[in-house]
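Data block below; observations after.
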Amino acid sequence: MTDDDQKQRMAQLEAKITAAKKATAPKPRADADVSGGELAWRMVIEMVSGLGIGFGIGYGLDSLFGTIPIFLVLFTLLGLVAGVKVMLRSAQQAQEKQTAAQAAEKNERD
């Protein structure tokens, strides 16, 4: 056997080993970086923090001006709206990330 023949056989063997490892390797999940539980807790925290900040601002303004709880109600509702808006944005980002990962996985298979 010559050196060229051995090098060629080694290259073929390495290619077969690489292909076998790639075929048996587990495929990464589309949502591997963020689990559903983590995403749910993030959304809950965003909602509660929006409500808390709105409540705090409203209570502070009512205390400062000595008014009836009009600012409390107003800013609590604004905090709720802000919390929902941020929560929906987080859900949209997670959906876009999952769609991109699925598209990349599909392109990889093709």
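The values are calculated or read from the model by the stated rules, or taken from the named source; none is laboratory data. Because the structure is predicted, anything quoted here is derived from the model rather than measured. Neighbour counts run over all protein chains shown; Cβ positions are idealised from the backbone, glycine included. Just the protein is used for accessible areas: all its heavy atoms, side chains included, with ligands, DNA and RNA removed. Shrake-Rupley method; radii C 1.70, N 1.55, O 1.52, S 1.80 Å.
A few comments on the model shown:
- In the stretch 32-46, the residue that is modelled with the lowest pLDDT out of those that are loosely packed, with under 13 Cβ neighbours inside 10 Å and either closer than 20 Å to THR99 by Cα or within 9 Å of the chain's Cα centre (by Cα) (or both) is ALA32.
- Residue within the stretch 5-14 that is open to solvent by 100 Å² or more (accessible area, probe 1.4 Å) and in contact with a helix residue (DSSP H, G or I) (Cβ under 7 Å, 6 or more places away or on another chain) present: no
- The stretch 65-105, subset loosely packed, with under 13 Cβ neighbours inside 10 Å and of a type in the set (Ser, Thr, Tyr), residue farthest from ILE45 (Cα to Cα): THR67
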